[in-house]
Each structure stands twice: as C-alpha cells, then as structure tokens.
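Let me begin by presenting the structure, written as structure tokens, before commenting on it.
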Amino acid sequence: MPELTDHPAVLLIQTAFIGDVILATALLEHLHRTEPGTPVDFLVRKGNEGLLRNHPHVRQVLIWDKKKDKYHGLWQLLQQIRRTGYGRVVTLQRFASTGFLTAFSGAPERIGFNKNPFAFRFTRAIPHVIGSGVHEVSRNLHLLDPAYAGSVVPPRLYPTPADEAAAAEAAALAGGRPYLCLAPTSVWFTKQFPEEQWLKLLAALPPKYTVFLLGGPPDVADCARIKSLSPRPGVVNLAGKLSLLASAALMRGATLNYVNDSAPMHLCSAVGAPVCAVYCSTVPYFGFGPLSPFSRVVQIEEKLACQPCGLHGYRKCPLGHFRCAHGIDTQQLLAALAESELVKR
C-alpha cells in the first residue's frame, strides 16, 4: 500500500509469541476498515515474520532478532523507527524493550498499556486487566480506540498461493477421506494435554478419519513419538513440514482441529477453522480463548481450587498431580467432534 502524506503511518509492535502476533492481526483488520488510507507497519520478533508474509494490510514488516545482538538490534530498530517518522506507534506489550521503542520513537502519538515501565512517556496509556473475561483482542483494540464497544474482531491471516498449494498437497495424503488435525504440543508443559491423553483420543476417534499431527521444527520428535506409540492407522506426522500459514490453510479444511491453549488455537481463529481447545492449567477467562465460528473448549469438569495456577503455565505442575489435564475425559473431546460433524452436514 503506498504511503499517503495526509495519513501518517502507524507502527504496531508485538514481539512476543506466535499466538500474540496472530491475535494482534485483529488490529490490522480494524485499521483497514476504519482508516483504509493509513499505511501500517508491524514489528515482530525474528521467526514470526512469516505470519505476515504478503499480508494485504501490512506495508512493511520490521524484525527484531532477540537472540542475536539483542540490544544493539533494539538500538538500530529505534533509529529506523525515528527515521520513518510514524504518526502513531502502538506497543501491545507490557515489557520495557518495546516500551522503550515506543517512548523514544518520536511519534506524536505513543500508545501502550499503563503497566509498561515506559508508560510515563506514552501519550496514551490504558489499563490491561487480565481475569475480567475480556478477550485480548478487545484489550488491544482499546489501544486504538479507548471507547471501542463493538464486537470482538477476529484475527485474520492470509495464506499465500504457495501456502494453499502446500496445504492441498498435505490434505491429499488423506486420499479423499475426511481428516482431523491434532497439535499436541505447547511451549508450556502445564498448557499441554499429556501424551497419554492424546493417545487415548487417537484410539477412540472414528476410523474414517485421517489424523494429521501438526507442529513446528521443535515438535517433530514429540509428534513422531505419539505416532509411534499409537496403533491407529492413518496418523500422519506433518510436524516441521508446513509453514504456519500452510498449517492454517490445512486446518481450515479439517472436520475438527484438536489443540492446546497455544498458537495453533489462534491459527484456527485467524482462518475460521473448527477447533476444540483443551485447557489444562489455564482458563479461557484470561481472555485468550478461541474465536473460530465453531469453537469448543474442553476442561476438567471437576472444580479444582488450584486451577488456574498461572497465566502462562509452568514447566511442571506446582502440586505434582496435574489433575487439570489428567482429569479430562476422552468423551468430552469426542462430543466436540460429534457437534462439528453435525455442523459440517
């Protein structure tokens, strides 16, 4: 999109995890609808730039390599931001690094959450309240418009023709049969449905379905192990073989996608793919729940005094029993599939 002199460009900053970037794309949709002449750039951490490849509402993607030359890279980004002369710089994070970029960007409007250490230099700082039942998308939209009272704008991703072709090639492995996608891993252990629970689900799923295991390069071994331990035929390990956008395109064609409270859930939201999200230590009330037209949340039906135990999760269950995950019954997940099948008819 060419830059228009009467519409100073906006810079959105979200350098956290994949899911956070996906949710932030809702702001791109909002800006495109309300300010179609405003150029928008987007700053992400290195590794997440593929999500915005050829995005129709993004003029330029800026990349911060957090792992290599972190602080020098931050300084170089600041110089680039100041040279560009943005009219608005909006950080969606509450951390000092992105607050620093925003505070010293030179933009007339510097916007972020009031929990950011550099909020004192923002021209507008709004509260970020977790645990109120408000979705993260709505919290982010209030950065652009503090008076926003509309519906939650779903995030949206735009798979390229190459991504669509890769997804179609993968789907062809089902041989024309209906398929399910299963993304079994998470960065956080207590957000991850246990391996033995996934194996129970695989054993119980109707035989007519091919099941694709999805994940990134770090998930290849875990998905290979699940495939090797499952006697079920028709399980295909695609972990590490598809880009994020190609994975999203594949998930869009599934009868149902089984995911954790993690990035694949947000991929589903961004392409309208049917999703069953399994919540272990966390809860949708934090505001990070699925936004697909067909969305089901599965949690332990028993009320646990220890759940939720934290916003992001832990490397292990703080109490050692991990009952929030092991207490979920396979029938709960099968019920979501039965509902999805009815909708598909």
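Throughout, read-outs are computed from the coordinates displayed, never taken from laboratory work. On a predicted model such as this, the values are computed, not experimentally measured, just so you know. As a convention, Cβ positions derive from the backbone with ideal geometry for all residues, glycine included, and neighbour counts pool all protein chains shown.
Just check the chain against the gyration tensor rule for me: Cα atoms, a ≥ b ≥ c as the square roots of the eigenvalues, rounded for a/c under 1.5, and otherwise prolate or oblate depending on whether a/b exceeds b/c. Kindly include the intermediate steps, with their values, before the conclusion.
On the way: a/c = 1.98, a/b = 1.60, b/c = 1.23.
In terms of gyration-tensor shape, prolate.
Here's how it looks for Phe212: its modeled amide H is under 5 Å from those of Leu180, Cys181, Leu182, Val236, which are all 5 or more places away or on a different chain. Phi angles of the stretch 317-332 translate, via the Karplus equation with coefficients 6.51, -1.76, 1.60 and θ = phi - 60°, into HN-Hα couplings of 5, x, 9, x, 9, 6, 5, 4, 9, 6, x, 7, 8, 4, 4, 5 Hz per residue; Gly and Pro are given as x. Summary of the geometry: the stretch 97-169 and the stretch 245-268, compared by the centres of their Cα atoms, lie 22 Å apart. Distances between placed amide hydrogens fall under 5 Å for Cys309 paired with no residue 5 or more residues away or on another chain. Estimated at 0.36 nm per residue, the fully extended path between Ala172 and Glu109 surpasses their Cα-Cα distance by 17.8 nm. The Cα-based radius of gyration and maximum Cα-Cα distance (Dmax) for the stretch 10-144 are 13.7, 39 Å.
Using alpha carbons only, how many degrees (0 to 90, rounded to 10) separate the axis of helix 161-171 from the longest principal axis of the chain? Taking the Cα atoms of the chain, the angle to 161-171 is about 10 degrees. Remark: the stretch 148-156, residue by residue, has Karplus-estimated 3J(HN,Hα) of 4, 9, x, 6, 5, 7, x, x, 8 Hz, where x stands for each Gly or Pro and the curve is 6.51 cos²θ - 1.76 cosθ + 1.60 at θ = phi - 60°. Here the Karplus relation 6.51 cos²θ - 1.76 cosθ + 1.60, evaluated at θ = phi - 60°, turns the backbone of the stretch 178-186 into coupling constants of x, 9, 10, 10, 9, 10, x, 10, 7 Hz, with x for every Gly and Pro. Near Ile63, once Lys and Arg are set to +1 and Asp and Glu to -1 for all other residues with Cβ below 15 Å from its Cβ, the sum equals +4. Close amide H pairs (under 5 Å, H built 1.01 Å from N) link Ile126 with Gly112, Phe113, Asn114, residues at least 5 positions away or on another chain. With the Cα gyration tensor of the stretch 165-248 giving a ≥ b ≥ c as the square roots of its eigenvalues, does the rule (a/c under 1.5 for rounded; else a/b larger than b/c for prolate; else oblate) give rounded, prolate or oblate? Oblate, because a/c is 1.5 or more while a/b does not exceed b/c.
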